[in-house]
Amino acid sequence: MHTPTQAEIEDQIAALRNEVASLTKSLSKTGASAFNTIEDRASDLYGYVQDRSPEVVRELRKQARYIENSARENPVASIALAAVALLVIGAIARR
C-alpha cells in the first residue's frame, strides 16, 4: 500500500482548491444568469400589467359594483358572509 508523500498531499490539496475555485466561478455565473432571467421576467410582467391596467381597473370597478348591488339586495346574506369571512381570517391569524 502506497503512503502519500507530503508533496503528493500538497498537490492534491492544490488540485482540490483549483476545482473548488472553478466550481465557485461556475456557480456565480449560473446565479447571475438566473438573477438576470428573473429580472427580465419581472420586467416583462410589469410591462404587461402596466399595459393592461386600464382593463384591470375597469373589471375591478365592475366587480365592486356587482358586490355592492348584491349587498344592497341581500343585506342579511352579506352580513352572514362577512361574519364567516372574519371567522376564517381570525382562525388563520391564530395559527
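Every number in this text was worked out from the coordinates using simple rules, so none of it is lab data. What you see is a predicted model, and the numbers here were worked out from it, not measured in a lab. So basically every Cβ, Gly included, is an ideal-geometry build from the backbone, and we count neighbours across all protein chains shown.
Structure values in brief
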| item | result |
| --- | --- |
| Alpha-carbon spread of the chain, three principal axes, descending order, Å | 90, 39, 17 |
| Helical mean residue ellipticity (222 nm; -39500 (n - 2.57) per DSSP H run of 4+; nearest 500) of the chain | -34500 deg cm²/dmol |
| Inter-probe distance in nm under a simple model that places probes 7 Å from Cα toward Cβ, at Ala21 and Ala77 | 7.3 |
